[in-house]
Structure formats: structure tokens, C-alpha cells
Amino acid sequence: MNTLLESMGLLCLAIQNSGDNDVGRTKLQKMVYFADRYLGWDVGDYDLHYYGPYSRNLATTLKTVRGELIDETRPGFGSYQYDLTQSGTTFVDEFVENVCDDEKTRLTRELFTELSVWSKDNLELAATIDYVKNNIPDISRDDLLAKVGIIKENFAPEQIEHAYELWSNWKQQHNF
């Protein structure tokens, strides 16, 4: 499948399946990262960035579809928030109907619904933990937490530990 098409579809699916939860740039990047990593989607490469794993392709796709498929708002000086336009709703329905495998779509919707309730910080930390563990598979738990603590120096060790437990339980629950 085309990387751009997958990116567009996943962005729209993530927004559509977030319910009443606010979804900004960081949450979108991390939710799609987990779908890409564990459900076999392909939105391109991820690099470690200040806010955790970051896909330049996904960020470019978001800019491309802004205003057409996705509405972007920035209330006050807060974070960006995203909603689907009518065209975005039509696109995601056609994407699911004509492009996606039913089981993969079901799993992706469930994943996005579940991850949308996580805080931005927990998603950022869990995705960073996952990224480091994926790139250093034999790293011990303690070394992993220490490395993430260095990367994410603005977070307290307790926050990192909490995100690790959340991530670990989530992976175990889904057999990832």
C-alpha cells in the first residue's frame, strides 16, 4: 500500500476513534507510531525526537491534509487540536471500505480508542520506551528506564516508571 495513503488513513482513523479526548500533534504521532509498529502499517521511518518517536512523513502528511480532511484549531495558546472535516469522514469511510483489511481495521480502531485516553505525557514516554527497547532489544529494564530518564530529563523517574508499567501491561494484554 502507498505510504502517503496509509498515513492519511491512519491520521483520520486516529482522530475518528478518539471520542471526546483531545488529540494534538504529539498524541497523533504516538498513536500512529504504535499502529505502525504493532499492527503492520507503514507510514515511513521514525526517528527519536524531543517528544519521542517522530515521523517526518507523518508530519508532512498532516500538513498536506490540513484544511481538506482535517481541521486544525489552536485554542488560545494551547496545543493544536484536530477534528475531521466532512471530506475527512468520507475519506476515512472509503479508506476502510476499499483499502483496509477488516481485522486490521478493527484492531486499529481499538488501539486508537484505547490510546486516546492516555495522557500526552504517558503516550510520549511509552513511545520513547518502546522506541529505545526496539532499538536496543537486550537492554535491561533498569537500563531502559535510566536511558529514557536521560532522554526525557524533564520527566520525574516516577512518571517514567508509571509510563513503563502502562506500556508493559498494554503490550502484555495485547500479546505484542
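Any read-out appearing in this document is the output of simple, stated calculations on the displayed coordinates, not a laboratory observation. As the structure is a prediction and not an experimental result, all values here were calculated from the model. Every residue, glycine as well, gets a Cβ built from its backbone with ideal geometry; the counts of neighbours run over all protein chains shown.
The candidate values were [x] 29.5, 110; [y] 21.0, 74; [z] 15.9, 47; the one computed from these coordinates for Rg and Dmax of the Cα atoms in Å carries the label [z]. Its Cα gyration tensor gives segment 1-71 an equivalent ellipsoid; the semi-axes, largest first and in whole Å, are 16, 14, 13. Comparing ASN122, ASN57, ASN154 in a Gaussian network model of the chain (Cα springs below 10 Å), the most mobile by mean-square fluctuation is ASN154.
Rounded to the nearest 500, what is the 222 nm mean residue ellipticity of the chain from helices alone, with -39500 (n - 2.57) per DSSP H run of 4+ residues and division by all residues? It would help to have the intermediate numbers written out before the result.
Values: 8 runs with 111 residues, N = 176.
That comes out to -20500 deg cm²/dmol.
Counting Lys and Arg as +1 and Asp and Glu as -1 over every other residue whose Cβ lies under 14 Å from the Cβ of LEU62, the net charge comes to +2. Among the trypsin sites (Lys or Arg not before Pro) within segment 58-163, not one is in coil by DSSP while having at most 11 neighbouring Cβ atoms inside 10 Å. Computed over the Cα atoms of segment 119-176, the ratio of the radius of gyration to the Kirkwood radius (Rg/Rh) comes to 0.93. The distance between label points at GLU153 and LYS120 comes to 2.2 nm (points 7 Å beyond Cα on the Cα→Cβ vector). Each label was represented as a point 7 Å from its Cα along the Cα-to-Cβ direction; for THR89 and ALA59 these points are 3.1 nm apart.
Angle, helix 102-115 long axis vs. longest principal axis of the chain, Cα atoms, 0 to 90°, nearest 10? The two axes meet at around 60 degrees. Helix 25-39 and the longest principal axis of the Cα set of the chain meet at an angle near 80°. Using only Cα atoms and rounding to the nearest 10 degrees, what angle (0 to 90) does helix 141-151 make with the longest principal axis of the chain? The angle comes out near 70 degrees. Excluding same-chain neighbours fewer than eight residues apart, the lysines reachable from LYS152 by a Cα-Cα span under 27 Å are LYS27, LYS30, LYS63, LYS120, LYS133, LYS171.
Assuming 1.002 mPa s and 20 °C, estimate D for segment 57-138 with Stokes-Einstein, Rh taken as the Kirkwood radius over Cα pairs, in µm²/s.
Working: Rh = 15.2 Å.
It diffuses with D of about 141 µm²/s by this estimate.
For the chain, relative contact order (Cα pairs under 8 Å, six or more residues apart, normalised by length) works out to 26 percent.
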